[in-house]
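Reviewing the structure listed below.
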Amino acid sequence: CSIAAIRDGVIQDYTVIQGNPLCSVGQAVKAGELLVSGLYDSKTGSFRYTRAAGNVMARTERTITVEIPLSYEEKVYTEPVLQEIELHFFNFSHKIFKNSRNSDILCDIIKYNSNLGQLGNNQLPLSFSYTRAYPYRTEQRERSTTDALALCYEELSRQLSTLSGEVQLLQKSIVTAVGEDSVTLTCTLVCIENIAAVQEFEIVQ
């Protein structure tokens, strides 16, 4: 395998454990560009192969865009909870309780099992399965631009929390825009991170 760039960046430093380095400090690279080759040319018409390994630290730029609509649908639960209980013993199943409901009704459905087969030190294949349906209707709601912006920042925080701990954040700039139908937040991040990604190749003799 070789090592290729997983994203665009400007190389700040690199460490090659194994392989033929093709990059240099200060070099701007594009995603997919080869950084360390697993192929050596012997200059005599033959080649030697290896599994390239190493890290390539680069200055990168990421853009995160979050858009929150000002109009949305909200679930309103109004009907009683509907339930179905079924007994299972070996391959036998029997419904012991069921509410009737209109199949056209919108519902959130939750299913779970309860194993009741523990008798002393013996385990019996006896269980109950529960199916609960929570009927609801949807109603149109409007949110303020302030609330929409707060949701934008919540989603931004969630996405930032998913970044690897190895990503060093150097700079963060945020631009917000309020439109007729939504609020948009655009966050630009400048980072130092390892852009090395393994790229396997096939050897054909």
Segment 1-60, dipole about Cα centre (Lys/Arg Cβ +1, Asp/Glu Cβ -1), debye to the nearest 20: 100 debye
Residue 160 accessible area, assembled protein chains, probe 1.4 Å, Å²: 40 Å²
Segment 35-114 - percent of accessible surface contributed by carbon and sulfur, probe 1.4 Å: 50 percent
Unit charges at the beta carbon, dipole of the chain: most positive-side option, 29, 130, 53: 53
Within the chain, longest stretch free of exposed chymotrypsin sites (Phe, Trp or Tyr not before Pro) [DSSP loop, at most 16 other beta carbons within 10 Å]: 91-200
For segment 142-205, size of Cβ-based charge dipole, Lys and Arg +1, Asp and Glu -1, in debye: 260 debye
Segment 128-205 versus segment 30-99: alpha-carbon centroid distance in Å: 14 Å
Net charge dipole size for the chain [Lys, Arg +1 and Asp, Glu -1 on Cβ; Debye, nearest 20]: 640 debye
Nearest-ten-degree value, helix 145-161 long axis tilted from longest Cα axis of the chain: 60 degrees
Where 94, 88 fall by accessible area, highest first, once all protein chains stay in place (1.4 Å): 94, 88
Solvent-accessible ranking of 6, 68, 17, 174, largest area first, probe 1.4 Å: 17, 6, 174, 68
Among 188, 175, 163 the positive-end extreme of the charge dipole of segment 126-191 (Cβ point charges): 163
Along each principal axis, Cα extent of the chain, largest first, Å: 80, 58, 33
Residue 7 long-range amide H proximity, modeled H, under 5 Å: 32
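The values are calculated or read from the model by the stated rules, or taken from the named source; none is laboratory data. All figures in this text were calculated on a predicted structure; none of them were measured in a lab. Virtual Cβ from ideal backbone geometry, glycine too; neighbours counted across all protein chains shown. Note: accessible area is taken over every heavy atom of the protein model, side chains too, but ligands, DNA and RNA are not part of it. Shrake-Rupley method; radii C 1.70, N 1.55, O 1.52, S 1.80 Å.
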